[in-house]
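The structure appears below as structure tokens.
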Amino acid sequence: MKMTVKALFAGLAIATATLATAPAFAQAAPAPATAPVAGPFSLAPLPYAYDALAPVIDEATMKLHHDKHHQAYVDALNKAVTADPALQGQTLEQLVAKAGTLPTVVRNNAGGHWNHTFYWKTMTAPAKSGAPSGALAAAIEASFGSLDKFKAAFKEAGTKQFGSGWVWLIVGADGKLAITSTPNQDNPLMDVAAVKGLPVLGNDVWEHAYYLTYNNRRGDYLEAWWKVVDWAEVSRRFAAARR
Ligand SMILES: [Fe+2]
């Protein structure tokens, strides 16, 4: 079939418009479920409004991230656990701890559910973010030299995490703070983690967490993210991890 130049440009315009409304991360997103898949696990509402973290994280990102991406992890986990009697009767933490012995679908979706639940609670509105204090502030200074040096090292680890994954602040077996990163939906609680520990802070560096506002600028997202960290919650986790 012979195509005229005019028709060719019309086709390109349609293709360009389609691309403009469908960023790469959206194309890779799990298909939204029409209703939650029944099972032992469920998605809790966000602990704040969808727009509470704006302008650091925009409302549309929060809706997609929580209602579609996180829901998809919960749905896939419920589906896998319901289909396999050997997986039933176990808590999310128990599944995460032995993720390396479980089917990949369970490792990925149990991790996705745990990580996102933790992530939502790590954040708060910018006006409520606060700053590290007390024992946490002292431990950050002891391990990293200063809060600014810690933030720079955390950003570097998040930026260098190849592809999708997470960057963490953990309390290691020695009781000290350390920064680590994990691929996909793995986390430092998993038996397969290269560096293990108890997470006290974690940031999602999947593109779906930041693409609408920051596009490909992951470093800008990591930098801005400090404005929505709930330092009171991080302090509580640090105290619990040291007990
Ligand atoms: Fe995510």
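The table below lists the values:
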item: For the range 127-242, convex hull volume per residue from C-alpha positions, Å³; result: 98
item: Paramagnetic label zone (point 7 Å from Cα along Cα-to-C-beta, Asp84; backbone N under 17 Å) in the range 110-138; result: 110-114
item: Dipole in debye (nearest 20) - the chain, about Cα centre, beta carbon charges: Lys, Arg +1; Asp, Glu -1; result: 200
item: Kirkwood Rh, Cα atoms: Rg over Rh of the range 115-187; result: 0.97
item: Segment Thr159-Gln94, extension gain: residue separation times 0.36 nm, minus the distance between their alpha carbons; result: 20.4 nm
item: Cα-Cα over 27 Å, subset of Lys128/Lys160; Lys160/Lys227; Lys98/Lys155; Lys63/Lys196; Lys63/Lys176; Lys79/Lys155; result: Lys128/Lys160; Lys98/Lys155; Lys63/Lys196; Lys63/Lys176; Lys79/Lys155
item: Full-extension gain in nm, Ala178 to Lys196, via 0.36 nm per residue minus C-alpha separation; result: 5.5 nm
item: Cα→Cβ-extended label distance, 7 Å offset, between Asp148 and Arg243, nm; result: 3.6
item: Fluctuation leader among Gln88, Gln185, Gln71 - the chain, Gaussian network, Cα springs under 10 angstrom; result: Gln88
item: For the chain: rounded, prolate or oblate by the Cα gyration tensor [a/c cutoff 1.5]; result: oblate
item: For the range 165-173, 3J(HN,Hα) per residue [Karplus equation, 6.51 cos²θ - 1.76 cosθ + 1.60, θ = phi - 60°, Hz, x = Gly/Pro]; result: x, 9, 10, 10, 10, 10, 9, x, 4
item: HN-Hα J in Hz across the range 196-213 - Karplus 6.51, -1.76, 1.60, θ = phi - 60°, x for Gly and Pro; result: 9, x, 9, x, 10, 8, x, 10, 7, 10, 5, 4, 5, 7, 9, 4, 4, 8
item: Amide H within-cut-off set for Leu201, under 5 Å, with H built and near neighbours excluded; result: Leu169
item: Vicinal HN-Hα couplings computed from phi for the range 87-100 (Karplus, 6.51 cos²θ - 1.76 cosθ + 1.60; Hz; Gly/Pro x); result: 9, 7, x, 10, 6, 4, 5, 5, 5, 4, 4, 10, 3, x
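A short reminder: the numbers here are calculations on the coordinates, not readings from a lab. Because the structure is a prediction, the values reported are computed rather than measured. Quick reminder, even Gly has a Cβ in these numbers, built from the backbone with ideal geometry, and neighbours come from all protein chains shown.
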